[in-house]
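Asker: Supplied in C-alpha cells, the structure appears directly below.
The values are calculated or read from the model by the stated rules, or taken from the named source; none is laboratory data. Just so we're clear, the structure is a prediction, and the values are computed from it rather than from any experiment. Here the Cβ positions follow ideal geometry from the backbone for every residue, glycine too, while neighbour counts run over all protein chains shown. Protein only, heavy atoms only, side chains kept; ligands, DNA and RNA dropped before computing areas. Shrake-Rupley method; radii C 1.70, N 1.55, O 1.52, S 1.80 Å.
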Amino acid sequence: MERIAIVGVGQTKYEARKRGEIFYDMVYEVTDKAMKDAGFTLGDIDNVITVSNDFWDGRTISCMAVQEVAGAHDKNVSTVEGDGSFGAFYGAMRVLGGFGTTLVVAHSKGSEGDSKVITNAMFDPIYHRPLGLDAISSSALQANVYMERSGVTEEEFAHVSVKNHANAKNNPYAQLPMELTVDDVMRSKRIADPLRLLDCSPVSDGAAAIIIANEERAGKALKPPIWIKGVAHCSDAYFLGDRDLGDPRSLRDASQRAYAMAGVSDPLHEIDIVELYDAFSYMEPLWLEGMGFCDAGQGGKMVERGITTVDGELPVNPSGGVLSAHPVLVAGLARIIEVTLQLRSEASARQIDGAKTGLAHGINGPCGQSHCVWILGKE
Amino acid sequence: MTGESKEIELLTNDSGTLSMPYEWSIGKYGSLFFKYLREKRRFLGIRCPRCGKVMVPPRRICGPCFQDLGEKDIVELSDTGTIMAFSVVNYPFIDPATGLKRPIPYTYGYINIDGSDNIFSHVINGTDETKIKVGMKVRAVFREKMEGNIQDIKYFEIIR
Ligand SMILES: [Zn+2]
C-alpha cells in the first residue's frame, strides 16, 4: 500500500450535556483544531468526510447542516453514517484514490435525544423493535452468552470499569474520571443482567476530527506523521439471532487482515497500545479475544492479571476508553486520535513510554455487528 | 450595542412528542410467518438447500450462502425452544409497541426454536434471575386475539 498518514487531530472535551455548543459549533471547533495541529489552512484540505446520524441529530440528511463548519465550502464532501473509524476508513481510501488530503469529522449530541428510543430504532421494526431491545439490553444478552461460553465473570468485567475510569483521570478530554473499586462496580445499580450501571458507558456530547494525507503532503505537516500501516473492516449478520454473540468472527477477520497488511505476526508483542470500543465493560475482554491477543475465553483473565493496565504488557484504553466518554459515532475516531497522540508522545500524564505501534478499533451496529481495526505506527 | 455579555442565558427548544409514522411492509415471508402463527400457533422457518440450516423467521435469502430461498423451502417448526441467553432488565422505558411505560423488571430471552439453527429473540415470563437458566425449555404463549405481529406472542414460558 502507498504510504498514508494521520497528520492532524482535534477533539472537544466529552461532556454529558453541552448546552453552549450546538453540533455546528463542535464541528467547527475540531475542524479548526485538526487544521492547526497539522499546520494546514483551508486550502490544504482537498476533500472532506463528515460522519453523522439522522436519528441522533433529529434531522433528515443532517450531514448537509455541517458542511461549511467542516471546511467543505466549494469542496468534494461526502458522508458516512456510522462510527467515525469507518468514516476514517473511507477517508483513507480517498487519499489512496488520489486526493492529497482528507479531513474526517464526526459529531454527536447524545444528550439531545433519547438514547433508548434511538438505539431501539436500529433494530428490525417488524420482529425486534416492538420487544424494546436497545443498545443496553442487546449487549446484556451478549454479555450473558459470553459468560456462559467462556466462564468469564462479572468481577472480571468490573476490573475493566475500575481500570478505564482510573485511566480517565489522566485524560482531560474524558467525561467520567473515577476512582472505583471492583466492589463499587459490583454494588452499582443492576441495569440489565449481568450489566450494572458502572459496566455501562455514559451518554456524551462531543466531536472529533482527523486529517489523513499522502506521503508528499504529510511531509508538509507540522507534526511527525503517524503512518497507517494496516486497516480493515468486516461485518456480521444484522439479526442478533443469526450471529454467535459470544464469538466476534467479524473482529477476528478485520484484525487478521489489518495485521497482514501491517506485517504484524505476533500482535501481543508487536503492538504497544490498544484503544478499543468498550461501550460496556465486557466488550474489552471479548474484543481482546477477537483481536487475537489471547485465546478465546481468556480475555477476562488477561484483564484480571493486570496485563491491560497502563503499566502492563499491553496497555488497553489509557484514555479511559468509551466507558469514560461515549459520544456515539465520534468514539471510534477518538480511539484513533488517542493512539495518534500516544505515538507522537503527546499524551502527557497518560503517555505509554516508547509506544511505537498502536491498534485503534471502532464498531458499528448492535453488539459489534461490524468492526474496523487500525494499525498505526511511528515509522 | 451591548458589548460582550458576561453570561449568555443558554436556551433550548423542545421538539414535543412528535412521532414519525410509517407503514412498514412485512413482505411475503414475514406475512406467511405471522399468518401461520395466528392460524396454527406454530413457528415457520426456512431451510437453505445449500448449507441445510433452518432459519426463523423465514427470509428471502441465506446470507452466508447468498442463496435465494423460496416457498418450497419453508418448514414447520414447533412452538417450543431452548433458552440460549437471557437478561432481566431493570430500567424503565417507553414501550415502542404501545407508547406506554413498560412495567419493570422484564426478561429478554435469546431462544433457539426447536428444529432451527439460529436464535429467536423475545420475552420470557419470569424475572427472578436465580430461577432462569440457560438450557431451560420454553413454550410460546399467544395472546387471545392475534393480529399478525410480533406481539401475538405474549412471551415464552419456562416448561422445565
Ligand atoms: Zn445457506
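Asker: For B:Lys137, tell me the accessible area in Å² from a 1.4 Å probe, rounded to the nearest 10.
Answerer: 40 Å²
Asker: Rounded to whole Å and ordered largest first, report the semi-axes of the equivalent ellipsoid of the stretch A:249-343 derived from its Cα gyration tensor (root of 5λ). Mind dumping the intermediate values first?
Answerer: Working: eigenvalues 68, 52, 40 Å².
Taking √(5λ) for each Cα gyration eigenvalue gives 18, 16, 14 Å.
Asker: For the stretch B:39-124, divide the Cα radius of gyration by the Kirkwood radius and give the resulting Rg/Rh value with two decimals.
Answerer: Numbers: Rg = 15.8 Å, Rh = 14.6 Å.
Radius of gyration relative to Kirkwood radius: 1.08.
Asker: So if I take the alpha carbon set of the stretch A:72-117, get Rg, then get Rh from the Kirkwood formula, what is the Rg over Rh ratio? Write down the numbers at each step before the final one.
Answerer: On the way: Rg = 13.5 Å, Rh = 12.3 Å.
On the Cα set of the stretch A:72-117, Rg over Rh gives 1.09.
Asker: When the accessible area of each residue in the stretch B:52-92 is compared between its chain alone and the complete protein assembly (1.4 Å probe; ligands, DNA and RNA ignored), which residues differ by at least 50 Å², being lower in the assembly?
Answerer: B:Ser87, B:Asn90, B:Tyr91
Asker: At a probe radius of 1.4 Å, figure out the B/A buried accessible area, summed over both chains, and give it in Å² to the nearest 100.
Answerer: Numbers: alone 11240 and 14350 Å², together 22660 Å².
The contact between A and B buries close to 2900 Å².
Asker: What is the mean number of Cβ atoms from other protein chains located within 10 Å of the Cβ atom of each residue in peptide A:130-140, rounded to a whole number?
Answerer: Working: counts 7, 12, 11, 7, 4, 0, 4, 9, 4, 1, 6.
Per residue, the average neighbour count from other chains is 6.
Asker: Taking a quarter of the surface of the convex hull around the Cα atoms of chain A, what do you get in nm²?
Answerer: Working: hull surface 66.4 nm².
Its average projected convex-hull area is 16.6 nm².
Asker: In square angstrom, rounded to the nearest 10, how much accessible surface does A:Asp353 have for a 1.4 Å probe?
Answerer: So the heavy atoms of A:Asp353 present about 140 Å² to solvent.
Asker: Given N residues in chain B, what is its alpha carbon radius of gyration divided by 2.2 N^0.38 Å?
Answerer: On the way: Rg = 21.7 Å, N = 160, 2.2 N^0.38 = 15.1 Å.
Against the empirical 2.2 N^0.38 Å value, I get 1.43 for chain B.
Asker: As a quick test, which of the pairs A:Lys18/B:Lys101; B:Lys28/B:Lys53; A:Lys163/A:Lys301 have an alpha carbon distance above 18 angstrom in this structure?
Answerer: On the way: A:Lys18/B:Lys101 28 Å; B:Lys28/B:Lys53 20 Å; A:Lys163/A:Lys301 14 Å.
Result: A:Lys18/B:Lys101; B:Lys28/B:Lys53 exceed 18 Å.
Asker: Going Cα to Cα from A:Lys36, which lysines come in below 18 Å? Please leave out same-chain ones fewer than 8 positions away.
Answerer: A:Lys13, A:Lys220, A:Lys223
Asker: What is the Cα centroid distance between the stretch A:203-220 and the stretch A:274-352, reported in whole angstrom?
Answerer: First find each Cα centre; the distance between them is then 20 Å.
Asker: What's the longest uninterrupted piece of chain B once you rule out the GluC sites (Glu not before Pro) that are loop residues per DSSP with at most 11 other Cβ within 10 Å? Before the final figure, lay out each step's value.
Answerer: Working: sites that count: B:Glu4, B:Glu7, B:Glu9, B:Glu23, B:Glu144, B:Glu147.
The longest such stretch corresponds to B:24-143.
Asker: Let me ask another. State, as an integer percentage, the relative contact order of the stretch B:12-158 based on alpha-carbon contacts under 8 Å between residues 6 or more apart. Don't jump to the answer; show the numbers that get you there.
Answerer: On the way: 273 pairs, mean separation 29.2, N = 147.
Result for the stretch B:12-158 is 20 percent.
Asker: How many partner chain Cβ atoms sit within 10 Å of a residue's Cβ in peptide A:116-122, on average, as a whole number?
Answerer: Numbers: counts 5, 3, 0, 0, 4, 2, 0.
Across A:116-122, the average partner-chain Cβ count within 10 Å equals 2.
Asker: Using helices alone, what [θ] at 222 nm do you get for chain B, with -39,500 (n - 2.57) per DSSP H run of 4 or more residues, divided over all residues and rounded to the nearest 500? Can you show the working numbers first?
Answerer: On the way: 1 runs with 14 residues, N = 160.
The helix contribution divided over chain B gives -3000 deg cm²/dmol.
Asker: Could you identify which residue out of B:Thr127, B:Thr17, B:Thr82 has the top mean-square fluctuation in a GNM of chain B using Cα springs shorter than 10 Å?
Answerer: Of the options given, B:Thr17 has the highest mean-square fluctuation.
Asker: Assuming a ≥ b ≥ c are the square roots of the Cα gyration tensor eigenvalues, decide whether the stretch A:141-219 counts as rounded (a/c under 1.5), prolate (otherwise, with a/b larger than b/c) or oblate.
Answerer: Numbers: a/c = 2.65, a/b = 1.84, b/c = 1.44.
Note, shape of the stretch A:141-219 comes out prolate.
Asker: Loop only by DSSP, 12 or fewer other Cβ within 10 Å of the Cβ. Give me the trypsin sites (Lys or Arg not before Pro) in the stretch A:101-160 that pass, ordered by residue number. Each step should come with its number before you reach the end.
Answerer: Values: sites: A:Lys109, A:Lys116, A:Arg149; in loops: none.
The qualifying sites: there are none.
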